[in-house]
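Just below is one structure, and these are the notes that go with it.
We did not get these values from a lab; they are worked out from the coordinates using the rules stated. The model shown is predicted, which means the values in this text are computed figures rather than measured ones. Please note: Cβ atoms are built from the backbone with ideal geometry, for glycine as well, and neighbour counts cover all protein chains shown.
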Amino acid sequence: MTKLENIIDLNAYPIHETQSLKYKELVNKTKKELDRIGCCVIPNFIREESINRMKQEAERNLNKVHWTKDKHNPYFTKDDETLPKDHPKRIFTVRESGYLNSDDLEEDSDLNHLHYSDEMLKFVSDCLDVYPLYKWADPLGKNPYSIMHPGHYFPWHFDGNEFTLSLLVQKAEKGGIFEYSPELRSKDNENYENVTKVLRGDRNPVKSLDLDPGDLQIFKGRFSMHRVTKIEGNRSRYIALPCYVKDPYRVNKPEHSKQVYGKAMPIHYERENIEVDGLSD
């Protein structure tokens with residue numbers, strides 16, 4: 001518990017005291033937000049000193065970041081010429097950003113301690129009302145840092161895992177706003193028509209979040225399409241992304257992994273044909 005209390009403000013958010021009134025009120029409030037808009041934000045969840053350690057870790061390891069400037073569709077799949085040209089799988093947008101992959105985190109990383117914490121897993125599971133919930137097994141994407149320098153942009157996409165926590169570590173001077181379209185698809189409906197509308201500029205279903213360092217965001221990224229607007233000014237944006245799944249065997253598809261994290265590992269190929277929900281990856 002000592003390590004966790006150095007990371008999370010347990011006085012404000014006692015996630016280790018699951019029978020306390022304060023814990024139950026926090027979970028209930030978070031549940032309501034997730035049910036209402038598919039997302040919730042808990043301000044100042046991470047202690048300032050832990051955010052500083054995460055920032056230092058990211059900056060010490062910038063030489064290990066996988067940088068990408070390439071085009072991708074919302075599903076991180078290759079172009080399929082058998083589909084109509086206006087199909088969302090054929091709408092590609094330039095992404096420029098970087099990831100400090102999970103396998104490059106330092107052994108004593110606060111981000112690792114947070115993601116491996118059973119107390120954190122229990123809290124996220126209660127907030128989502130999902131049982132059992134698992135820490136994501138993907139060796140590259142289970143808890144990376146997303147690094148975006150001025151001029152970078154991360155276009156509309158869906159995640160390969162169901163649930164992502166976002167912990168803002170460093171805020172851009174301008175831009176870098178998280179935008180999302182809640183529950184745009186479900187496991188029973190890809191909803192390609194409305195996905196296309198958002199890709200073409202429809203703002204009606206789009207919501208925005210302007211996070212501050214230390215804020216915790218819980219998000220259903222597999223079902224809600226989302227993006228990060230262009231980074232402006234002189235300061236880079238760092239965000240930590242611990243991820244959780246319903247199925248312990250789920251990992252990214254090899255193509256998704258190569259596009260985002262720069263490589264695919266044996267586990268990605270071994271589990272490539274495991275169908276969890278039938279959605280496009």
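Compared with the dominant Cα axis of the chain, that is its longest principal axis, helix 118-128 is turned about 60°.
Kirkwood radius for the chain, taken over all pairs of different Cα atoms as the inverse mean of 1/r, rounds to 19.1 Å. Ordering Val260, Val130 from the fewest to the most neighbouring beta carbons within 10 Å gives Val130, Val260. Taking Cα atoms only, the orientation of helix 21-37 departs from the longest principal axis of the chain by about 10 degrees.
Place a +1 charge on the Cβ of each Lys and Arg in segment 132-176 and a -1 charge on the Cβ of each Asp and Glu, then give the dipole magnitude about the Cα centre in debye, rounded to the nearest 20.
On the way: 4 positive and 4 negative charges, 29 e Å.
I would put it at about 140 debye.
From the alpha carbon centroid of segment 23-75 to that of segment 123-150 is 9 Å. Overall, the chain carries a charge dipole of about 700 debye about its Cα centre when +1 sits on the Cβ of Lys and Arg and -1 on the Cβ of Asp and Glu, all other atoms neutral.
How far apart, in nanometres, would the label points at Asn204 and Asn52 be if each is projected 7 angstrom from Cα along the Cα-to-Cβ direction? The answer from the label model is 4.9 nm. Can you compute the modelled spin-label distance between Glu183 and Lys122, with each label point 7 Å from Cα toward Cβ, in nm? Simple spin-label model gives 2.9 nm for this pair.
Between the residues Asn143, Pro43, Ser97, the greatest Cα displacement towards the positive end of the dipole of the chain, with unit charges on the Cβ of Lys, Arg, Asp and Glu, is found for Ser97.
At a Förster radius of 35 Å, what calculated FRET efficiency corresponds to the Cβ-Cβ distance of Ser280 and Lys24, to the nearest 0.05? Walk me through the intermediate numbers first.
Details: r = 37 Å, r/R0 = 1.07.
About 0.40, to the nearest 0.05.
Protection proxy ranking, highest mean first, for peptides 245-251, 27-33, 274-280: 245-251, 27-33, 274-280, where packing is the per-residue count of other beta-carbon atoms within 10 Å, averaged.
When the chain is fully extended, how far beyond the present Cα-Cα distance does Lys71 get from Ile37, taking 0.36 nm per residue of separation?
On the way: separation 34, 0.36 × 34 = 12.24 nm, distance 2.89 nm.
Once the chain is fully extended between Lys71 and Ile37, it gains 9.4 nm.
In what order do Cys127, Cys40 fall by count of nearby beta-carbon atoms within 10 Å, going from fewest to most? Could you put the intermediate results ahead of the total?
Details: Cys127 23, Cys40 20.
Ascending Cβ contact count within 10 Å gives the list Cys40, Cys127.
Rounded, prolate or oblate, given the Cα gyration tensor of segment 150-233, with a/c below 1.5 counting as rounded? The shape class here is oblate. Pick out, from Leu83, Leu133, Leu111, the residue whose Cα sits farthest towards the positive end of the charge dipole of segment 78-235, with +1 on the Cβ of Lys and Arg and -1 on the Cβ of Asp and Glu. The residue sitting most towards the positive pole is Leu83. What shape does segment 1-98 take by its C-alpha gyration tensor, where a ≥ b ≥ c are the square roots of the eigenvalues and a/c under 1.5 counts as rounded, a/b above b/c as prolate, and the rest as oblate? Oblate, because a/c is 1.5 or more while a/b does not exceed b/c.
Helix 48-60 axis versus longest C-alpha principal axis of the chain: approximately 50°, rounded to the nearest ten.
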